[in-house]
1. Are there any pairs, at least 6 apart or on different chains, whose C-beta atoms fall under 6 Å, with the first in region 53-66 and farther than 14 Å from Thr20 by Cα and modelled with pLDDT of 90 or more and the second of a type in the set (Gly, Ala, Ser) and not in a helix (DSSP H, G or I), and if so, which?
2. β-branched (Val, Ile, Thr) and in contact (Cβ under 8 Å) with a residue 60 or more places away in the chain: which single residue out of Val37, Val49, Val78 fits that description?
3. On the basis of being within 17 Å of Thr116 (Cβ to Cβ), buried (at least 19 other Cβ atoms within 10 Å of the Cβ) and modelled with pLDDT of 95 or more, does Leu22 make the cut?
4. For Glu69, indicate whether it is without any contact (Cβ under 8 Å) to a residue 12 or more places away in the chain, under 22 Å from Val121 (Cβ atoms) and not hydroxyl-bearing (Ser, Thr, Tyr).
Amino acid sequence: MPKLVRDLMRIGVPTCDPDTRLPQVARIMAREESDAVIVMAEYGACGVVTCTDLVKVYPRNSELITAKEVMTDRILTVAPDAAVTTAAHMMMDERVHQLFIMHEHPGPSRPSAIITMRDLVREMAGLPPERPAMPEKLVVKKK
């Protein structure tokens, strides 16, 4: 049985507003250990800022540049029940390092998960998928 995107995808996608300045976008990427941030407007996802986008403008004064000025408005998506090989082909054909899985519900488009080239490499290496750390349980002391 072939591996599916849902087997490797990571739940949760970092987001920012269109007017977020690039140093803050970079902080979000660093904090979330992500190579991309979805740009969210009032009507839903409107673009994506990648590490490549940030590096392209690195020599410029990034303090003055916003996410909407560098974002790509085309968000490449894949279904969670798609084969991982399909995702790999899409990444290669589109020359991107990640694909997004969007919530399947009416209303604004919102990202729910991501699959990246790094996830595919981990799979090839026989390593388990990267998953966000679960928050530690709160221990309530009894009196």
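1. none
2. Just a single option satisfies the conditions, and that option is Val78.
3. So Leu22 fails the test.
4. In short, no.
The values are calculated or read from the model by the stated rules, or taken from the named source; none is laboratory data. The model shown is predicted, which means the values in this text are computed figures rather than measured ones. Glycine also receives a Cβ, built like all others from the backbone with ideal geometry; neighbour counts cover every protein chain displayed.
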